[in-house]
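Worksheet: one structure, shown below.
The values are calculated or read from the model by the stated rules, or taken from the named source; none is laboratory data. Note that the structure is a prediction, hence the values are computed from the model and not measured. Heads up, the Cβs are rebuilt from the backbone with ideal geometry, glycines too, and the neighbour counts pull from every protein chain shown. Keep in mind that these areas ignore ligands, DNA and RNA; they rest on the heavy atoms of the full protein, side chains included. Shrake-Rupley method; radii C 1.70, N 1.55, O 1.52, S 1.80 Å.
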Amino acid sequence: MNKLLTTLFALCWLMPAGALTVKVTNNSSKPCSDYPVVVPLTSATAVTTALVTCNGQEVPCQLDDTDLDGRYDELFFLADLNGKEKKTYDVNLSGSGAPRTYPSRVYTEMVMRNDKVKEKNKQNNYVESLTVRGDCANSYNLLHHHGVCFESELNGIRIYFDKRQTLDLYGKFKKGLELQATQFYTSDEQKQEGYGDDVLWVGNTFGLGAMRGFDTKERQPTMIEPVKSRTQRVVSYGPLRTIVEVIDLGWQPDSLQAPIDMRIRYTQYAGHRDTDVDVFFGSNPSAHWLSTGIINVKGSTEYSDHHGLRACWGTDYPSTDHTKWKPETVGLAILLPKAWIAEELPANTDNYAFVLRGHEQKLSYKVAYCSANEEFGFHSADEWFEWVKAWGKEQNSHQVSVVVE
């Protein structure tokens, strides 16, 4: 399902000052752009810098320490290929020097409020990890914009730092990075300049694909509580992908079952409006009923292939204050692995929901959205659903293969 793993990498032991070749093949007649290529790094001595070239031209890349042990363990870059095209990328690794720098195409931040700064879009108490105890009275208001946020040129998402852990959405008019400037609180002056803003009211719903428990008796999703502790952290800042995580230790979805630990990783690639969601469980989750889905936006129409791909298109106010906000039209989508789906529930006033049950300790799925404000996007349900169908087909195909030599 994850197109990054369309071909299992045959990776040699990489020395700190060495070279390797990455061959990327587009097996489809359709072109693809910004295809994510991940090269695992395994070395006895730390790699500190990398250079990627293709036909003698330098290709932007980044090194990531995804397990936060102090060493880079993945090399990442993006590939553009025409239909049936094959490209060879040369990678040089070194154990000396610092990572090369490239223009940022993604952005992420965690920031706490600074009482000395009055402007809501100029907060500057930056942090990269925050953990609260399960009995924290109001974690929602500890972080500015209520949780970690991230974006590509096409989207912008914040994740609420509370029992909901909901994904809330930022709509843009033009492609570009905006969250550093607006911090999810766009000023009137910025709106006049063409900046976007919050476009979704989520309440206690899934928003865009939040992970939840499920009460089989009441037949409804449950929040991520009680927990022993709750953490949000930034794993990677970019410039080509950003990675953030939400960690819930000692979560007890069912009082009759033992608690379970859960780590949810969100990966946002440059040039993408979709987001990867990887959920890691500390033990076999089969004893627990889970759920996810998308909010039933007021008056929305629905598309489902009944195999894990579900979407909606609708219009609602993004705030309860209808005097300062106008109605916003959005399209939402989620793509789940069929093996995890116990039931696809009919829409209710809150959600288009799925009941989940799995035996694996990792669940991977994807979410995507658009705003009708976009000059570069979609402006009708038909257009959005057409994109969603093509997106689902692409994710379940083996369009691109990657081999590391």
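Taking segment 229-250 as the range and being over 22 Å from MET112 (Cα atoms) and not in a strand (DSSP E or B) as the test, the residues that pass are PRO239, LEU240. One residue is enough: does segment 293-316 have a residue meeting the conditions open to solvent by 70 Å² or more (accessible area, probe 1.4 Å), without any contact (Cβ under 8 Å) to a residue 24 or more places away in the chain and out of contact with any Asp or Glu (no Cβ under 8 Å at 6 or more places or on another chain)? Within segment 293-316, none of the residues are open to solvent by 70 Å² or more (accessible area, probe 1.4 Å), without any contact (Cβ under 8 Å) to a residue 24 or more places away in the chain and out of contact with any Asp or Glu (no Cβ under 8 Å at 6 or more places or on another chain). Does GLU328 satisfy being open to solvent by 30 Å² or more (accessible area, probe 1.4 Å) and not polar (S, T, N, Q)? Here the answer is no, as GLU328 does not meet what is asked. Scanning segment 241-293 for residues that are over 15 Å from the mean Cα position of the chain (by Cα) and either closer than 26 Å to VAL106 by Cα or among the β-branched types (Val, Ile, Thr) (or both) yields ASP248, ILE260, MET262. Taking the criterion of being more than 18 Å from ILE264 (Cβ to Cβ), among the polar types (S, T, N, Q), surrounded by fewer than 20 Cβ atoms within 10 Å (Cβ to Cβ) and modelled with pLDDT of 95 or more, the residues of segment 356-399 that qualify are ASN373, SER380.
Do you know which of the residues in segment 52-77 that are assigned to a strand (DSSP E or B) and in contact with a Ser or Thr (Cβ under 8 Å, 6 or more places away or on another chain) is most open to solvent (accessible area, probe 1.4 Å)?
Taking segment 52-77 first, the residues assigned to a strand (DSSP E or B) are 52-54, 57-59, 61-64, 74-77.
With in contact with a Ser or Thr (Cβ under 8 Å, 6 or more places away or on another chain) added as a condition, the list becomes 54, 59, 62-64, 74.
Details: CYS54: 14, VAL59: 21, GLN62: 8, LEU63: 21, ASP64: 6, GLU74: 43 Å².
Looking at residues that are assigned to a strand (DSSP E or B) and in contact with a Ser or Thr (Cβ under 8 Å, 6 or more places away or on another chain), I get GLU74.
Here ARG158 passes the criteria (1) crowded, with 22+ Cβ neighbours inside 10 Å; (2) among the basic types (Lys, Arg); (3) closer than 27 Å to LYS122 by Cα; (4) over 15 Å from the mean Cα position of the chain (by Cα) except the one numbered (4). None of THR231, THR242 is crowded, with 22+ Cβ neighbours inside 10 Å and either hydroxyl-bearing (Ser, Thr, Tyr) or without any contact (Cβ under 8 Å) to a residue 12 or more places away in the chain (or both) except THR242.
Counted as qualifying within segment 251-357 are the strands (runs of 3 or more DSSP E) with 2 or more residues that are basic (Lys, Arg), namely 260-269.
Given the criteria crowded, with 17+ Cβ neighbours inside 10 Å and of a type outside the set (Gly, Ala, Ser), does VAL117 qualify?
Working: crowded, with 17+ Cβ neighbours inside 10 Å: no; of a type outside the set (Gly, Ala, Ser): yes.
So VAL117 fails the test.
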